[in-house]
Each structure stands twice: as structure tokens, then as C-alpha cells.
Amino acid sequence: MQIIIVGCGNVGSTIVEKLSKEGHNITVIDTKIDAIKNVTINFDVMGMVGNGAGYTIQKEAGIEDADLMIAVTGSDELNLLCCLIAKKAGGCHTIARVRNPVYSREINFIKEELGLSMVINPEDAAALEIARVLKFPSAIKIDTFAKGRIELVKYRIEENSILCDQSLKNISAKLKCDVLVCMVERGEDVYIPDGNFMLRAKDEISVVGSVKNSVQFFKKLGVPTTRAKNAFIVGGGETAYYLAKQLISIGIAVKIVEKDKARCEELSELLPQAMMIYGDGTDRNLLMEEGLPSAESFVALTNFDEENIMLSLFVKSISKAKLITKVHRISYDEIIGGMELGSLIYPKYITAESIVKHVRALQNSIGSNIETLYRMSNDRVEALEFIVKEDSPVIGIPLQELRLKPNMLICSINHKGNIITPGGQSRIAVGDTVVIVTTLTGLHDIKDILKS
């Protein structure tokens, strides 16, 4: 696809990195020369310095032939204007990053009137991911397929778990749960396991199954499956606002510590059911006085990565609360990976992945049949959901007879709303959606899972 991206900040550059790996022709626009140099040196893209909302520069960037415009500058208004001009000048699909809650409340009107294909709110998207994890605090991360019917749950095996030193086939026979362990991360290594694979303590496993079957699996492990009763949040920014709204709506008690008095008063009015605490969230005495040791979950949402990391390490030392740590700097990933800070939330990654998934969905109309895409383990593994169309070479054949490429696992089949954990005799039908997990990245069609 021909794609124009306006804004080369952290989000923009992350989007460029991910989309350029998929072979798209990309042109980037930014007002800062250094930002353009940084992106064009690191990735095979064209760069232009200027105001992306200008018709002339969009025309020079090739808007008349573009398939998609993505506007992710720091200004909501500029992003919307970029998309409006792109829509009028080129008739292409448009995606805008919009962060202001005022606009978010009117997002359907804005999308319809401006003809936007997608609006992404980084703070709201981050809050949604955090809320998903707090509904099942034992998980590190939860992704969904088949419109929420299938869950991909990432879980770290504890030292005393019944999974330790057991092969997957023994676990399946012992627990009799209709789920599939599709990926194992052990230190720096990642595996797509078979039935003989032996699990170890501290392995991070990814489990695929229906929501009901996933809950049954973790219950049999003796892992808590009920949602957290309360959440202790430090930092009262927009992410905290969106998160608190979601948690309160499902009955989770919320306590927010915010050091800006005006913001604290604002949130008190916006979130009357939340307990607002005016104070410094890095003050340990304050945290202890406000009942932190008894909190079931702790979410560090300040604007400073270092504060969030230190807060989570402190909470880890005094309680068993579910930890969620927001990190902005992607470069910190390798440094903090071994600190066991609970669930790490990277808003820029979430935004970029949401856009990449939407781009894949747009490609459906030009030959691809990918419905959903998640990248895992530092982009080394992809979990994809394919829509099976007529004349597909996988239809009607027992799975054990399909000649799959190596490191390829068929994890789940959604047949008319019935979620199937497949066995050797399972067959795929027209209209099914099929979840595949593989280390072979860049698949575009379900036929790509087969050996040529």
C-alpha cells in the first residue's frame, strides 16, 4: 500500500518501523528536520520536511495515489485537518490520533463528518488493555480474537505450579481442559511447542481458548481467576481517567493519588465514585497511610517512566498486589524486562499495533484475509486470525493431513460462533475464522501456512 504518515515522534516512528517491515511504500512528513533524518536513516522510507496539513506538501508526497493517510502529530486539531485535506485531495483512507476527552465524547460524529476510517486514542487504548488484565489479574497480558470469544492469555509459571517439569501432553491428559499452549518464552528463547515440550518454572506461556475454557484451565491450576476488587492508581492523567471510568463501571473500587491540586479537583467532579487523594504518589508514607499494602492491584501511571518503575518495585516489596507499570520509552524494554514489574503497558506500542491491525484489515479488500494480528515476543512471533474464503486449500482436510510449515500452530477455530480447540481430525470450513501462532512473520493469506 501507498501510505503517508504525518508526525515522526515516538508513535510515528514506531508505526513506520512496523509498517515498513510489511513492505508498504511509506512517505513521512514532519516539521522537524532531525525527526525526518532519524526515520529515513533507520528505515527505507521517503521523508519530507513541512506542515502535513498543507495541500501542496500532501500533493508532493503523493496523496492523489495514496491508499492511506495516518496523522499522529502531537496536536489533535492538526491530525484532523491533515485527514480532512487528504480525504478531499486523494480520497484515501484516513487515521487520526485524537487524545482530548472532549473530542472522544464526540468521536462518532467526527468520524462520520470527516470520513475517517479510524480514530485512535492512546490513553483510552492503554486503559482498555489495563482493564482487561485487572479482570483477570493472574495474567500478564490478554489479547482477544473472534470478537472477544477467544482469548490469548500470557501467564508466568510459578515455582510451585503443577505445570512445572510436565510435558504438554501430560498436562492435557491431567487437566482435561480444552485450551492450547501455543507459545513458551524462556529467557531470551521463544518456542512454538509440541506435545513433548517440558514446561519449567518462570516460563511465560501463552494459552489460547474460549473465555470459559481459559477460566476453567486456570482454576484447575489453582490460579485466582476473579477480578481485582480494588485498584490503587498513582497519577491522575487521561489514562487514569479512562481506566477509572471502566473499572468503576464493572464494580472495582478505585483510589487515585494525584499531586496537582487543580487536576485532583477536576477528577473529583468527573469521577465522583472514585476516591481522590491529593498528594505526591512517590511519598511512601502517604501510600502506606492510604492503605497500599492491602490493595489488590497497583497501577503506576505517572508521566515519568523512572517513577513508575521505582513505584512498582516498591509495591512489589511490600504487597502481593497485581502490578501494572506504564512505560513510555520503548528503549527501556530490554533493561526492565527481567525486573518482574507485572504487566508492562507501552501506550506507543498499543497505538502502533492498533493502527497496524487496521492496515491489515484494509488490505482485506485487496486480497488479504487477515482479520486480527498481534505481534508478540519483540515481534518474533505473530498470532493471526484468518477468515477462510471459498477455494482455500485448507478447507475440508483433516488438520493432521495439512502440510504445515515449521513453527506453525493452528490454535483455534471459530465455526459459526462455536469455539473449537482443534485436534488432528478437525476440519476447517468456509466462513470459519482460524487463529494461527507462528514464528514465520509476514503471512498474508491462510494458504501461506502450507508448504509449497
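Of the residues VAL215, VAL179, the single one that is at pLDDT 90 or above and in contact with a helix residue (DSSP H, G or I) (Cβ under 9 Å, 6 or more places away or on another chain) is VAL179.
Among the residues of the range 151-166, write down those that are in a strand (DSSP E or B) and open to solvent by less than 50 Å² (accessible area, probe 1.4 Å).
Result: GLU151, LEU152, VAL153, LYS154, TYR155.
Only one of the numbered conditions (1) assigned to a loop (DSSP other than H, G, I, E, B); (2) β-branched (Val, Ile, Thr); (3) surrounded by 13 or more Cβ atoms within 10 Å (Cβ to Cβ) is violated by VAL430, and that is (3). Of everything in the range 18-52 that is part of a helix (DSSP H, G or I) and in contact (Cβ under 8 Å) with a residue 40 or more places away in the chain, the residue that is farthest from the chain's Cα centre (by Cα) is LEU19. Of the residues in the range 268-282, at least one is more than 22 Å from the chain's Cα centre (by Cα), open to solvent by 60 Å² or more (accessible area, probe 1.4 Å) and within 19 Å of TYR103 (Cβ to Cβ). Please give the number of the condition MET408 fails out of (1) open to solvent by less than 50 Å² (accessible area, probe 1.4 Å); (2) more than 21 Å from GLU185 (Cβ to Cβ); (3) over 21 Å from the mean Cα position of the chain (by Cα). Going through the list (1) open to solvent by less than 50 Å² (accessible area, probe 1.4 Å); (2) more than 21 Å from GLU185 (Cβ to Cβ); (3) over 21 Å from the mean Cα position of the chain (by Cα), MET408 breaks only (2). Filtered by the rule that a residue be part of a strand (DSSP E or B) and either out of contact with any Pro (no Cβ under 7 Å at 6 or more places or on another chain) or of a type in the set (Gly, Ala, Ser) (or both), the range 308-325 gives LEU323, ILE324, THR325.
Being more than 23 Å from the chain's Cα centre (by Cα), at negative phi and open to solvent by less than 30 Å² (accessible area, probe 1.4 Å): is that true of VAL234 here? In short, no. Once the range 224-249 is narrowed to residues that are out of contact with any helix residue (DSSP H, G or I) (no Cβ under 7 Å at 6 or more places or on another chain) and among the hydroxyl-bearing types (Ser, Thr, Tyr), the residue that is nearest to SER161 (Cα to Cα) is THR226. When the range 224-257 is filtered for residues that are free of Cβ contacts under 8 Å to residues at least 12 places away in the same chain and part of a helix (DSSP H, G or I), only SER249 remains.
Could you check the range 72-116 and list, in sequence order, the residues that are of a type in the set (Gly, Ala, Ser), touching a helix residue (DSSP H, G or I) at 6+ places or on another chain (Cβ under 7 Å) and not in a helix (DSSP H, G or I)? Within the range 72-116, ALA96, GLY115 meet the criteria.
GLU382 meets each of the listed conditions (1) at pLDDT below 85; (2) in contact with a Ser or Thr (Cβ under 8 Å, 6 or more places away or on another chain) apart from (1).
The values are calculated or read from the model by the stated rules, or taken from the named source; none is laboratory data. Predicted model, so just to flag it, every value in this text is computed and none were measured. So basically every Cβ, Gly included, is an ideal-geometry build from the backbone, and we count neighbours across all protein chains shown. Heavy atoms of the whole protein, side chains included, go into the accessibility calculation; ligands, DNA and RNA do not. Shrake-Rupley method; radii C 1.70, N 1.55, O 1.52, S 1.80 Å.
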